[in-house]
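The block underneath contains the structure these notes are about, expressed in structure tokens.
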Amino acid sequence: MPTDGFMYPNEIELQWSVLIVLYPFLTGLVAGAFILASLERVFRVDAVKPTYRLALLTALAFLLVAPLPLQLHLGHPERSLEMYLTPHRSSAMAMFGFVYLWYLMAVLVMEIWLDYRRDIVLLSQTTTGVKRLIYRVLTLGSSNISDGALAVDNRVGWIITVIGIPSAFLLHGYVGFIFGSIKANPWWSTPLMPVVFIFSAMVSGIAMVLLLYMGLNRLRGKPIDMRCVDTVAKYLFYAFIIDFSLEMLDLIHRIYESDESFRSLDFMVHSRLFLSQVVIQIFLGTVAPILLLGLTQVSRLSEIARKRIYALAGCLTMMGIFAMRWNVVIGGQLFSKSFLGYTTYKMGFATREGLLPAVVLTVLPFIILFVLVKLLPPWADEKTEPIARSAGVH
Amino acid sequence: MNLTRRHFLVLLPAAALAWESILAGTPEAAPNYQISEHWWGMLVDIEKCIGCGNCVRACARENNVPEGYYRTWVERYRIKEVNGVETLEVDSPDGGMHGFPSSDEPGVKQFFVPKMCNHCADSPCTQVCPVGATFISPDGVVLVDEKYCLGCRYCVQACPYGCRFLHPQKNVAQKCTLCYHRISKGLTTACCENCPTGARQLADLKDPKDPIHEYLRTHSVQVLKPHMATGAKLFYHNLDGAVR
Amino acid sequence: MKFKDAAHLFRMAAVFAAGILIFVMVRSFFVPRTFGQYGHYRGDALADVRALPVHYAGHQACEACHTDVLDVKVKGRHARVNCEACHGPLATHTEDPGGVTPEKLDTARLCVKCHEANTAKPKGFPQVVSADHSAGLACNECHQPHSPAIVTEAPTATVLPEKHAAVVSAKGAKK
């Protein structure tokens, strides 16, 4: 029997699948990577500059894939346009289309375009064939890379980053609100939900860029800037502390108030959700990385030890944040709203919402990132001249 | 075109008939039924329900409800109390469609609870629909526009009563429509029509002459999950406090 | 800041403006005509739901023709049990009474759906343990479904004497 105890008859089958777990995971990476980029651009943390462009491209790669799990999930994806035509203003989900477009075009694409414009113009003059055509289109017909023009780009880019920070919070925070505003579901319904989502997004995004930076530099045979990764790891640690505190606050609050849902939820966490919640999310995915990163903060470790710890902590973090999304989405559907029973999630494999499409959609952003990195190299020592943002206005 | 009198005499009634059938499709102009004159709800009397499942079967046949999904269902509650400690057991085999097996446990308080969409006046499901595919009609019935629904299932998540599901073939949200296609023609819902004991009765909360409306005014009634403030219009008489 | 240094921004702005313009045009084309008529939904959706087919005709439709049955029913305990609750959906029969004949019901299967004894049913509701009640006889051997009360203890003409004896003795044993 897939159910234990009593479920309302229509509740037995889960409605939101692993693809709905994947969607906040992807947008979380977008928001987190962008916040890391903004650390340098707005908050002048120079040490993380080597990751700036990579963070932006990472955000773009994941943002391009983000709507795909939703499209696969919809019963009628061909009607998705309706969200733009007749958005229902009382629905948090209706915001999706507009927030997504805003973030994609007005923030991310604009910022990348402005930061890369000089390289794009130079590449449009030095490459041949199809690549030349692509770069020429990207220049929008303007080849002005004088100091004055670059200064304008810099200024506008800075403004966009400043706007981008609350936009990133909105992009991911509204997903938290989608869950947090559902009074019917006590596992989801809490004002903390958008905040928890945002901070776990920051953790996952920072960890992802850290891993990509270290991994890509290793693949290219280039040295890793330790001052950079040490600083990134420090910010990862801070974000983790806040994230962990928020999650513990939620837990303690639930245990203390012990409302009508508590017993049912508590039993669920101890049984069906034990592995993904307690083992993977809390211990392996949060406590372990915090301890590892904390170790690097308090004691002096060799470069190689730090690199290994960062890599390990980064991987554990990715696993933990994915588990957090899983526990929210799937966990919220495993128990009955009558608080009298539980059901099981049957994930298919090669079905429309099964494991296979989820894996493909997780791998796809990396393929897109590969293409983006080739098209818009984040590193100065490639074909273009050294990138130096124009002095003066920063 | 040269219209002779003969042509005209043939065409005019044909046109009138065609016009009538077109009008019949428009809610306002359909003969007799004025949307603004109604505000629908339902009354369920727990003490009259015998758990026969006739309502579940009738609804499924009237509305082509797919197997394994339920626009209405019946739950059986068995409450055992030992020294002030209550244990609760609830079941709904196949939604109660084929009745319930008997249990011979003594000293157990047992009763049936029919459930369906509560057609909430402040419905959380219509609040969350991203495109306006589910809505409350001007006469108080929460409906789904099957031609517009995206199948995102946000409404299914938002319903506190578990009354919604996704149609496995049509891939749109589905739920009890209060047999809107029947009540707008002066009939009652399929479940009320087929309930042998009168445990389920349709109520028109805008009709002062409706006996069920009068009943609601003069008897103690309850709704499910009142703390959710959904404005539920499915009223129960004799609903035990243990019912979830 | 010279204008020519910001010219590329205006080009980008033009791309955005073009996008917004296309969106506005697409929108006016695709939004359904009756959307917003009564609220944030397609007004025609009400008509769509109302046009769904009716399968149960409703007891008033049955009673319009079958007045003889109605006369029997109103006097008995099944007065409030509607026709289709037992006979099933018969809107097709009301539309074509001659062409569509309702199925003959099998009381052995039908009546127990309500009257099989169950501890969860209200105590005052008439219920029997069918296995012990009729020694295998179909319900309508003794009960007339439209008015089910048995008027006398005597069997109807269709019941064989030995079967009737079996029923009576079974009942006696229970007492």
Nearest-0.05 FRET efficiency for C:Gln37 and A:Met105 at R0 = 45 Å, using Cβ-Cβ distance, is 0.85
Relative packing of A:54-67, A:145-158, which averages over residues the other C-beta atoms within 10 Å, highest first: A:54-67, A:145-158
If a paramagnetic tag sat 7 Å from the Cα of A:Thr362 along the Cα-Cβ line, which residues of segment A:43-71 would have the backbone N under 20 Å from that point? A:58-71
Segment B:36-237, dipole about Cα centre (Lys/Arg Cβ +1, Asp/Glu Cβ -1), debye to the nearest 20: 400
In peptide B:191-197, how many Cβ atoms from other protein chains are near each Cβ within 10 Å, on average? 6
With label points built 7 Å along Cα→Cβ from the Cα atoms of A:Val42 and C:Gln144, find their separation and express it in nm. 8.6
For a label point 7 angstrom out from the Cα of A:Leu81 toward its Cβ, which stretches of segment C:15-47 have the backbone nitrogen within less than 13 Å? C:22-32
Straight-distance crosslink candidates among lysines, where the alpha carbon sits under 29 Å from C:Lys4 and sequence neighbours closer than 8 are dropped: A:Lys131, A:Lys383
Work out how far the C-alpha atoms of segment B:36-237 reach from end to end along every principal axis, then list the three figures in whole Å, largest first. 52, 41, 33
Would you tell me the mean number of C-beta atoms belonging to other protein chains that fall within 10 Å of each C-beta in A:100-106, as a whole number? 1
What is the calculated FRET efficiency for C:Arg11 to A:Ala380, with r their C-beta to C-beta distance and R₀ = 25 Å, to the nearest 0.05? 0.40
Only counting other Cβ atoms within 10 Å, I'd like B:Thr177, A:Thr128 sorted with the fewest neighbours first. A:Thr128, B:Thr177
Fewest first, what order do A:Lys131, B:Lys233 take by the number of other Cβ atoms within 10 Å? A:Lys131, B:Lys233
Measure nothing fancy, just the Cα-based angle from helix A:355-375's long axis to the longest principal axis of chain A, in degrees from 0 to 90, nearest 10. 10
Which length gain, in nm to one decimal place, applies between A:Ile252 and A:Arg220 when the Cα-Cα distance is subtracted from 0.36 nm times their residue separation? 6.9 nm
Lys pairs, chain B - Cα-Cα below 16 angstrom, 8 or more residues apart or on other chains: 11
Within chain C, longest stretch free of exposed GluC sites (Glu not before Pro) [DSSP loop, at most 16 other beta carbons within 10 Å]: C:1-102
Could you state the angle between the C-alpha long axis of helix C:3-30 and the longest principal axis of the C-alpha atoms of chain C, as a value from 0 to 90 degrees rounded to the nearest 10? 30
Extending each Cα 7 Å along its Cβ direction at A:Ser143 and A:Phe283, get the distance between those two points in nm, one decimal. 6.3
Where in chain B are the DSSP H helices whose C-alpha atoms run 30 Å or more along the long axis and whose mean Kyte hydropathy is at least -1.0? B:5-25
Over segment C:1-47: Rg over Rh, Cα atoms, Kirkwood Rh: 1.40
Taking only C-alpha pairs under 8 Å that are 6+ residues apart, what is the relative contact order of segment C:54-104 in percent? 46
Would you mind getting me the FRET efficiency between B:Ser36 and A:Leu355? Use the beta-carbon distance for r and R0 = 60 Å, nearest 0.05. 0.70
Output the peptides A:256-263, B:180-187, A:99-106 sorted from most to least packed, where packing is the average of other Cβ atoms within 10 Å over each peptide's residues. B:180-187, A:99-106, A:256-263
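To the nearest 20 debye, what is the magnitude of the charge dipole of segment A:224-332 about its Cα centre, counting +1 on the Cβ of each Lys and Arg and -1 on the Cβ of each Asp and Glu? All intermediate terms of the calculation are to be shown ahead of the outcome.
Details: 10 positive and 10 negative charges, 106 e Å.
My answer is approximately 500 debye.
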For peptides B:70-76, C:39-45, A:295-301, sequence by mean Cβ density within 10 Å, most packed first: B:70-76, C:39-45, A:295-301
How many nm is it between the label spots at C:Cys65 and B:Asp122, if each spot is 7 Å from the Cα in line with the beta carbon? 5.0
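Computed from the coordinates by the stated procedures, all read-outs in this text should not be read as laboratory data. Fair warning: this is a prediction, and the values are worked out from it, not measured in the lab. Neighbour counts run over all protein chains shown; Cβ positions are idealised from the backbone, glycine included.
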